[in-house]
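Inspection log for the structure reproduced underneath, given as structure tokens.
The values are calculated or read from the model by the stated rules, or taken from the named source; none is laboratory data. None of the values given here were measured: they were computed from a predicted structure. Don't worry about glycine lacking a Cβ; one is built from the backbone with ideal geometry, like all the others, and counts go over all protein chains shown. Calculation scope for accessible area: heavy atoms of the full protein, side chains included, ligands and nucleic acids excluded. Shrake-Rupley method; radii C 1.70, N 1.55, O 1.52, S 1.80 Å.
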Amino acid sequence: RMQPKTFYDLVIEVAIVRPGPIQGGMVHPYLRRRNGEEKADYPSEELRQVLHKTLGVPLFQEQAMQIAIVAAGFTPTESDCLRRAMATFRHLGTIHTFRNKFIEGMVERGYEREFAERCFRQIEGFGDYGFPESHAASFALLVYVSAWMKCHYPAVFACALLNSQPMGFYAPAQIVRDACAHGVEVRPPCINHSQWDCTLEPGVDPESLAGGMALRLGFCQIKSLREADADRLVECRGNGYTDPTTVWRRTGLSQEVLETMARGDVFHAMGLDRRGALWAIRGLGNSPLPLFAAAGEEDRGIEPEISLPDIGLGEQVVEDYSTLRLSLRCHPLALLRNHCQGA
């Protein structure tokens, strides 16, 4: 395993795990040379200038182009054509057209044919795919900074990732689960505290691993909720909402939107679970008429109190994933594990 010692080691680490260097047989020679198990071999001073940073093993596209110029006699234009062939190897398959010129050019300049053929095989490997050095350096810097941020400010890191969705790598559930595992207090979407984006709030423990910050999930996590409706809710919130009727009257949001929010379980600050919030909202109507905007329950008639059945943990988790794409209650497999143990 390669243990980075300098930043350039990180750059090489990014490039060396790509399919190109692996297919070109570049990984093990480099590791052996870096560990002192094998001596770096430079057939000429020109190649030493090109390959000394990578111990005689070509790892970057720029090195392949320089080898073609200094060792095989390519012109800069021909070398750029070689680069283009490397970049489009999978689609066009034209890199083989440079094989004869490359190998014979190196042989004419005094290099062993076996070494020339090995160089070209390594260059062919870049088609599957080799990194330009500039890309590897940029990626290494991003990885280093991201790793530092994740280590020292895990709540900030998780919040930024959630607000950057969709990213195509990790789902929100995985990001939240990892944040919790690293000491971050994650709070659910709330009618009185959430914004559209996920935000940071003062945590319960200032000495926690998360730096005393808690992550509040935003309304953006609620499936089918429009940002404009969430912005309207925040704009009219003032000192907070006390019940679904207050939300309905202040915001003028439709019953459909409020039901979407209820399914996202944002009314828990009012002591209402999903079922209780949906029951209350379905008794409101679509929009408060101006004539009856100030009417109280005594004017509209008081509905008899009812006792709604509690929602089981399993059902809550299913609804969480259906509406929020994650759950702060428990992992779904924990329910299956408990069920199997009970059986």
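A few comments on the model shown:
- Distant alpha-carbon pairs in the range 227-284 (separation over 15 angstrom), percent: 40
- Of the chymotrypsin sites (Phe, Trp or Tyr not before Pro) found in the range 164-202, those that fall in a DSSP loop while having at most 11 other beta-carbon atoms within 10 Å are F169.
- Net charge, T251 excluded, C-beta distance under 9 Å - Lys, Arg +1, Asp, Glu -1: +2
- Cut-off 12 Å between beta-carbons: net charge of the residues surrounding T77, Lys and Arg +1, Asp and Glu -1: 0
- Largest-first ordering by accessible area, 1.4 Å probe, given options E45, E104: E45, E104
- Other residues with beta-carbon under 10 Å from the beta-carbon of D197 carry, at +1 per Lys or Arg and -1 per Asp or Glu, a net charge of 0.
- Within the range 182-279, the trypsin sites (Lys or Arg not before Pro) that combine a DSSP coil assignment with at most 14 other C-beta atoms in a 10 angstrom radius are K223, R226.
- Working note: Karplus 6.51/-1.76/1.60 with θ = phi - 60° gives the range 30-35 the couplings 5, 5, 5, 5, 5, 7 Hz, where Gly and Pro are set to x.
- Anisotropy class of the range 165-254 from Cα gyration tensor, a/c 1.5 cut: oblate
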